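Remarks on the structure that follows.
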Ligand SMILES: Cc1ncc(COP(=O)(O)O)c(C=O)c1O
């Protein structure tokens, strides 16, 4: 008997395992099959993606990526240590810099000083901040983190900022579009229905929106999307400093799928620096840090960004002046019969509809005033977009439009 048991024990064990665990094994395999990227749609249909799962959203190669470790990653330099240390690690020029010294050392790859101050100004924890070479860099990196080329899709709501589509095209990512409503408000319900039917990795929402200038939805509508859709929701707040409503950075603690973009290019008047911000969960920020080029923010930009943050009052004064100039343009533009409609703006630009946008555009260009013709954008037929200029520039624009009218 013992002999027989010994002889067949592995078979008995196998038989027991199969009987007891085979159903679990089957379910497990089925789940794996459903969660396979190519079959994600079925997972959505079966309601398996109702909870946010960052790992499932991230491209597997990025999740597994061991990032490049730059020389300056390997230790933290205390501020009072910088002069005492001897840097022989990064093949820099120890003698100095051609031109204006001192630029011979690589900058802090994680911009710690700048983030420390920014954290206080924005009331967002340092580990929730990513800085990019413009917020355009953050947009591109989000594609690289979340979207597998030739496979994944995102959702945008035209008319909106053009770089979402361009970045998607560069990264070979599909783009589905749900137009804003006629009044440029957000069709939140339509978006939610679409996300139930298709598996979008990311949704880009711009608020206030470019090129329309308006606030596209109340906060509750964004929160509904953030709650019910479990992909990444990017809210681009490039123009938030000009808006009467507050930023949604306060929602970051509540929604792990939220990414907010802001920039130093608009109200701060620092477009030349190329400095953009992304605010998100520490996990998403970690992923952006993994894929970014090691020294994506140069030292001069870090220095000037830090300086700018000491002068918030000046930024606020700029915003106030832009508001004043914008109000003046709103008062002037209705005098022209060819201006058929003025759209409300919470930004530093105004969109208006005219009967012959190309003719007005060409006339202004001929007189060296460059505006943006947005008339080929969906829902924007006949529309030109003008940035609010200085008092002199705005006066010049209106004088030219008066001449155009006769
Ligand atoms: C909505 C929106 N987002 C982002 C940007 C780009 O910002 P940055 O200069 O930080 O790349 C712009 C620039 O016009 C914009 O309109």
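The values are calculated or read from the model by the stated rules, or taken from the named source; none is laboratory data. Because the structure is a prediction, the values reported are computed rather than measured. Cβ placement follows ideal geometry from the backbone for every residue including glycine, while neighbour counts extend to all protein chains displayed.
With the requirement that a residue be in contact with a strand residue (DSSP E or B) (Cβ under 7 Å, 6 or more places away or on another chain) and away from the ligand (no atom under 15 Å from the Cβ), what does the stretch 153-171 give you? The answer is 153, 154, 155. Do we have any residue at all in the stretch 226-236 that's in contact (Cβ under 8 Å) with a residue 24 or more places away in the chain, surrounded by fewer than 15 Cβ atoms within 10 Å (Cβ to Cβ) and over 13 Å from the mean Cα position of the chain (by Cα)? Checked against the condition, which is being in contact (Cβ under 8 Å) with a residue 24 or more places away in the chain, surrounded by fewer than 15 Cβ atoms within 10 Å (Cβ to Cβ) and over 13 Å from the mean Cα position of the chain (by Cα), the stretch 226-236 yields at least one hit. Residue 350 meets all of the listed conditions (1) out of contact with any helix residue (DSSP H, G or I) (no Cβ under 8 Å at 6 or more places or on another chain); (2) modelled with pLDDT of 95 or more but one, namely (1). Looking at the stretch 124-133, can you tell me whether even one residue there is free of Cβ contacts under 8 Å to residues at least 60 places away in the same chain, over 20 Å from residue 68 (Cβ atoms), surrounded by 23 or more Cβ atoms within 10 Å (Cβ to Cβ) and away from the ligand (no atom under 16 Å from the Cβ)? No; the residues of the stretch 124-133 include none that is free of Cβ contacts under 8 Å to residues at least 60 places away in the same chain, over 20 Å from residue 68 (Cβ atoms), surrounded by 23 or more Cβ atoms within 10 Å (Cβ to Cβ) and away from the ligand (no atom under 16 Å from the Cβ).
Scanning the stretch 319-344 for residues that are more than 26 Å from residue 269 (Cα to Cα) and in a helix (DSSP H, G or I) yields a count of 2. Checked across the stretch 239-246, the condition of being surrounded by fewer than 17 Cβ atoms within 10 Å (Cβ to Cβ) and without any contact (Cβ under 8 Å) to a residue 60 or more places away in the chain holds for at least one residue. Screening 261, 351, 288 for residues that are within 16 Å of the ligand (Cβ to nearest atom), in contact with a strand residue (DSSP E or B) (Cβ under 9 Å, 6 or more places away or on another chain), part of a strand (DSSP E or B) and over 30 Å from residue 402 (Cβ atoms) leaves exactly one candidate, 261. For the stretch 75-102, residues that are at pLDDT 95 or above and within 24 Å of residue 130 (Cα to Cα) total 0. Counting only helices (runs of 4 or more DSSP H) that fall entirely inside the stretch 78-182 and contain at least 1 residues that are under 15 Å from the mean Cα position of the chain (by Cα), the qualifying elements are 135-146, 163-170. Picking from residues in the stretch 291-308 that are touching a residue at least 60 places away in the same chain (Cβ under 8 Å) and more than 16 Å from the ligand (Cβ to nearest atom), the one that is surrounded by the fewest Cβ atoms within 10 Å (Cβ to Cβ) is 300.
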